[in-house]
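Colleague: Please see the structure below; I have some questions.
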Amino acid sequence: MLNRKGIGIELSKKWVKLGQQRLEEEVSNHTNQKILEGDSREVLKNFSTDSISYIVTSPPYWRILTKKTHEKKRKDRSAKGFDTNYGFSKNDLGNISDYQEFLNELSICFKECFRILQNKKYTSIIVSDFRHGSELVPFHSHVVELCQKIGFKLQGIGILVQNSKKLYPYGYPFAYVPNIHHQFILTFKKAVL
Ligand SMILES: C[S@@+](CC[C@H](N)C(=O)[O-])C[C@H]1O[C@@H](n2cnc3c(N)ncnc32)[C@H](O)[C@@H]1O
């Protein structure tokens, strides 16, 4: 809407189409906006080094929408006609079963983001922590660590409140299991001397 040039990357044809539809409906002049369909690990290789002035990404959740513990949530989404999964593609990072391998593959994308970002520019990564069995996985802190290893400097942590989400009585009456109704907006800077 600010007439900037924008390039989006998405693996699933369905979400690419939805993105294009939103551009058509919500942005009157979207000639400068492109959505590329493909695997980010490959597509990002085609971008020149130091060519992009801002990156925002909401990476896949690790198997979050297919978990057994989310059965009730999945039924509620199905009843409303919503998808309960982002897709079944083998290239969908969210379908990688091992968490460490998932982080490694995500890291490939973040390394490419670092390469193509211009120096002194910013990247925002939107992520949520999640539960795995009885444990809370602090995914946002793992993303901070891997981006710092790549060379990004952490500039800020914002909270995206999702207080319109339904509350579920997880654990009740045996354990205290808080609902997660926020995401983190992690903002990093590329600052190479
Ligand atoms: C949490 S969703 C974010 C969707 C959208 N960008 C947004 O912010 O509303 C993660 C998206 O990553 C896509 N995805 C998963 N693996 C991918 C890959 N290897 N390359 C590109 N996109 C991928 C999924 O299809 C899914 O739409």
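Every number in this text was worked out from the coordinates using simple rules, so none of it is lab data. Keep in mind that what you see is a predicted model, and the values were worked out from it rather than measured. We place every Cβ from the backbone using ideal geometry, glycine too, and count neighbours over all the protein chains shown.
Colleague: Using R₀ = 35 Å, calculate the FRET efficiency as 1/(1 + (r/R₀)^6) where r is the Cβ-Cβ separation of Val177 and Ile157; round to 0.05.
Modeller: Efficiency for this residue pair is about 0.90.
Colleague: Which value at 222 nm does the chain reach when only helices count, each DSSP H run of 4 or more adding -39,500 (n - 2.57), with the total divided by all residues and rounded to the nearest 500 deg cm²/dmol?
Modeller: -9000 deg cm²/dmol
Colleague: At R0 = 35 Å, how high is the FRET efficiency between Gln21 and Val192 if r is their beta carbon distance? Nearest 0.05 is fine.
Modeller: The calculated FRET efficiency here is 0.35.
Colleague: Any of Lys13/Lys90; Lys111/Lys189; Lys17/Lys90; Lys45/Lys121; Lys13/Lys153; Lys149/Lys190 with alpha carbons more than 23 Å apart? Name them for me.
Modeller: Long pairs (Cα-Cα over 23 Å): Lys13/Lys153.
Colleague: A further question on this structure: If packing is taken as the mean number of other Cβ atoms within 10 Å per residue, what is the order of 161-169, 94-102, highest first?
Modeller: 94-102, 161-169
Colleague: Sticking with this structure for a sec: List the aspartates and glutamates whose Cα sits under 12 Å from the Cα of Lys165, skipping any in the same chain fewer than 8 residues away.
Modeller: Asp76
Colleague: Can you work out ³J(HN,Hα) from phi for every residue in region 105-113, in order, using Karplus 6.51 cos²θ - 1.76 cosθ + 1.60 and θ = phi - 60°, giving whole Hz and x for Gly and Pro?
Modeller: 5, 4, 4, 4, 5, 5, 5, 5, 4
Colleague: Moving on. Considering amide H positions built from the backbone, and no H for Pro or chain starts, which residues 5 or more places from Arg131, or on another chain, come under 5 Å of its amide H?
Modeller: The list, which skips near neighbours in sequence, is Val137.
Colleague: Quick one: if you stick a label point 7 Å off each Cα along the C-beta vector at Asp76 and Lys90, how many nm between them?
Modeller: 3.5 nm
Colleague: In addition: Evaluate E = 1/(1 + (r/R0)^6) for Asp129 and Arg41, where r is the Cβ-Cβ distance and R0 equals 25 Å; express this FRET efficiency to the nearest 0.05.
Modeller: 0.55
Colleague: Would you pull out the residues with amide H under 5 Å of His182's amide H, same chain only if 5 or more places away, H placed 1.01 Å from N?
Modeller: Gln162
Colleague: Starting with the highest mean, order 21-28, 106-113, 171-178 by the number of other Cβ atoms within 10 Å, averaged over the residues of each peptide.
Modeller: Packing proxy ranking, top to bottom: 106-113, 21-28, 171-178.
Colleague: Pull up all non-local amide H partners of Asp92: gap of 5 or more, or a different chain, and H-to-H distance under 5 Å with H placed in the peptide plane.
Modeller: Long-range HN contacts for Asp92: none found.
Colleague: Debye sum, Cα scatterers, the chain, no solvent: what log₁₀ I/I(0) at q = 0.18 1/Å?
Modeller: -1.47
Colleague: Let me ask another. Can you tell me the relative contact order of region 1-56? Whole percent, Cα pairs under 8 Å, sequence separation 6 or more.
Modeller: After rounding, I find 45 percent.
Colleague: Taking 0.36 nm per residue of separation and subtracting the Cα-Cα distance, what length does fully extending Ser51 through Ser28 add?
Modeller: 5.7 nm
Colleague: Out of all DSSP beta bridges with both ends in the chain, state the antiparallel percent to the nearest 5.
Modeller: 65 percent
Colleague: If I stretch the segment between Ser97 and Tyr168 completely, what's the gain in nm (0.36 nm per residue apart, minus their alpha carbon distance), one decimal?
Modeller: Extending this stretch completely gives an extra 23.0 nm.
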